[in-house]
1. Restricting to the stretch B:116-148, and then to whatever is assigned to a loop (DSSP other than H, G, I, E, B) and in contact with a strand residue (DSSP E or B) (Cβ under 7 Å, 6 or more places away or on another chain), can you tell me which residue is surrounded by the fewest Cβ atoms within 10 Å (Cβ to Cβ)?
2. Filter the stretch A:50-73 for residues that are under 21 Å from B:ASN420 (Cβ atoms), within 12 Å of chain B (Cβ to nearest Cβ) and over 11 Å from the mean Cα position of the chain (by Cα) and give the result.
3. Take B:VAL378 and decide whether it is among the β-branched types (Val, Ile, Thr), over 22 Å from B:GLY45 (Cβ atoms) and surrounded by 24 or more Cβ atoms within 10 Å (Cβ to Cβ).
4. Return the residue satisfying two criteria in turn: it lies in the stretch B:326-361 and is at the interface with chain A (Cβ under 7 Å from one of its Cβ atoms) and either under 23 Å from the mean Cα position of the chain (by Cα) or on the phi > 0 side of the Ramachandran plot (or both), and of such residues it is surrounded by the fewest Cβ atoms within 10 Å (Cβ to Cβ).
5. Quick one: which residue in B:ALA388, B:ALA418, B:ALA414 is surrounded by fewer than 19 Cβ atoms within 10 Å (Cβ to Cβ) and more than 7 Å from chain A (Cβ to nearest Cβ)?
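The values are calculated or read from the model by the stated rules, or taken from the named source; none is laboratory data. Not measured: the values here are computed from a predicted model. Neighbour counts run over all protein chains shown; Cβ positions are idealised from the backbone, glycine included.
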Amino acid sequence: MTRVLYAALAAGLLATAGHSHAQDDPLQVRSWAAGCANCHGTNGHAEQGMPPLAGKSRADMTEKLLAYKSGAAPSTIMQQLAKGYSDDQLAAIAGYLSAQKK
Amino acid sequence: MDRRQFIRAGSAVSVVSALGFTAGCASVSGGAGGKVVVVGGGYGGATAAKYIRMWSEGRVEVTLVEPNAAFVSCPISNLVLGGSKTLADITTPYDNLGARHGVKLVRDRVSGIDMDKRQVRLAGGAALAYDRLILSPGVDFMWEQLPGMNRPGAQDKVLHAWKAGPQTLALRRQLEAMPDGGVFAISIPQSPYRCPPGPYERACQVASYFQQAKPKSKVLILDANDDVTSKGALFKKAWADRYKGLIEYRPKHHLVDVDVATNTLKFEFNDDVKAQVLNVIPPMRSGDVVTQAGLATANKRWCDVDWLTMEHAQARGVHILGDCTQSAPLMPKSGHMANQHGKVAAAAVVALLSGRQPGRLPIYNNTCYSFVSPSDVVHVASVHRYDAEKKTMLAVQGSGGVSPAASEMEGRFALAWARNIWADTLA
């Protein structure tokens, strides 16, 4: 995890030298993903009663988040929260959580 | 220290810390070192302490100063008043922050902050040096606005129970001791205050207890605001459908004094209200630590912060979290929000201590559940994104919302939310 993060961080620094999007900055994405932890546990390791997200497939999570955002997937809160993020941001968050050890 | 001296002291601090990290640890691979002192082990402070240790991979030394032996959650505490939860259910020890994350726990109170020397002085006599200071003490009350509450013994008799713990239990005991047919009167201060929907949830919980145990009793809500400040339609529906005749709501009741001897509330424009059990939620401001350090620069109550780092707008090197912040538009003073502030501050502190630039686009969400009965819940949710032009956090258009109706399913989610945020903050 650490090595991956630093490799990603180095890439991120190179990217910030030019012009970049926030979803390309791994530490920014880590902070966004930390926003999910209130309900889904630190780094996606959920306590009882919430779906854990650590180590789940990135593609599945992205698809699910986009379905919440469009309203296609039924939910109480997730539809309202997913609409607060761009598609790229949701995909980046899914990427971070999928990279966490189960 | 006057304001000018204080600001000067603040800029000296940032120069010193800037020199500090070029000399020490400039390597890209994170080299963050340094010392952080966190004051206040609530949703904001405990989260910041844990995440700084995690995200610096143990390189930043973190000391958490907290006078209480354990964390008692304000969210869910209204269920203790209603009788469906106990204080033990909402209490979490601090041990894991030390054992799992290496946070140094100091059980003490802060007696003063020396921003020149970058030192926090403790009531117990010790002094803690810091490179960056995080203040997250929550709120304290503006008792000066309610003269009768300053008489000896008044605050032991008329309770706020707006900090969960002994007051929560004491208020529950007053409700249990109240004869059937009595009135429980709850006074709500003008916004902003900690936990906007909390008083209305409390009214539901007390009414639910009365329904089971004292059906001739009544809950009277006396609100300084013009209307219910959060989830208004949902609460009003609950009062009409579930607690008809049990709950009465009176807006525009601005409390100016309390006659504790006769259990009477006195208002600016309205008639006095006498009740068997009073619950006065007083007007509030940043906690004493922040106020006494001269940091409550917004309206003498709250702190203006840089939302990219949670750093105080005037005091460089000092970060402010949670209820103490001068809220951005539509941002509630909630435990969930304080936890999110804690993470933004943690990321920024680790970045700054290792000479990196903090993230430029904070986004956070708020989720807030209210129990309208022992099992049924309504929520409000929102997403807030940094606006670089306005330099504040703005609610993202089209996001957020409330429950269509109260449900048992959301009751289960609310308890799962509590388990998860307690673990995220403390475990």
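1. Looking only at the stretch B:116-148, we keep the residues that are assigned to a loop (DSSP other than H, G, I, E, B), and these are B:116-118, B:123-126, B:130-131, B:136-138, B:142, B:146.
With in contact with a strand residue (DSSP E or B) (Cβ under 7 Å, 6 or more places away or on another chain) added as a condition, the list becomes B:118, B:123, B:130-131, B:136-137, B:142, B:146.
Working: B:ARG118: 22, B:ALA123: 12, B:TYR130: 25, B:ASP131: 22, B:SER136: 33, B:PRO137: 27, B:MET142: 15, B:LEU146: 24.
It comes out as B:ALA123.
2. Once the filter is applied, which keeps residues that are under 21 Å from B:ASN420 (Cβ atoms), within 12 Å of chain B (Cβ to nearest Cβ) and over 11 Å from the mean Cα position of the chain (by Cα), the stretch A:50-73 yields A:MET50, A:PRO51, A:PRO52, A:TYR68.
3. Yes: the conditions hold for B:VAL378.
4. Here the answer is B:HIS336.
5. Criteria check complete, one pass: B:ALA388.
One line per residue, one yes/no per condition, for (1) closer than 30 Å to B:ASN263 by Cβ; (2) within 23 Å of the chain's Cα centre (by Cα); (3) not assigned by TED's automatic domain parsing to the domain that holds B:ALA315:
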position: B:ARG59; (1), (2), (3): no, no, no
position: B:THR63; (1), (2), (3): no, yes, no
position: B:LYS85; (1), (2), (3): yes, yes, yes
position: B:ILE90; (1), (2), (3): yes, yes, yes
position: B:GLY112; (1), (2), (3): no, yes, no
position: B:LEU128; (1), (2), (3): no, no, no
position: B:GLN155; (1), (2), (3): yes, yes, yes
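Okay, residues lined up against (1) surrounded by fewer than 20 Cβ atoms within 10 Å (Cβ to Cβ); (2) touching a residue at least 12 places away in the same chain (Cβ under 8 Å); (3) part of a loop (DSSP other than H, G, I, E, B):
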| position | (1), (2), (3) |
| --- | --- |
| B:PRO152 | yes, no, yes |
| B:GLN155 | yes, yes, no |
| B:GLN167 | yes, no, no |
| B:LEU171 | no, yes, no |
| B:GLY181 | yes, yes, yes |
| B:SER187 | no, yes, no |
| B:SER191 | yes, yes, yes |
| B:ARG194 | no, yes, yes |
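For (1) in contact with an Asp or Glu (Cβ under 9 Å, 6 or more places away or on another chain); (2) outside the structural domain of B:GLY335 (by TED's automatic domain parsing); (3) under 20 Å from B:SER407 (Cβ atoms), each residue gets a yes or a no:
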| site | (1), (2), (3) |
| --- | --- |
| B:VAL206 | no, yes, no |
| B:SER217 | yes, yes, no |
| B:SER230 | no, yes, yes |
| B:LYS237 | no, yes, yes |
| B:ARG242 | yes, yes, yes |
| B:LEU246 | no, yes, no |
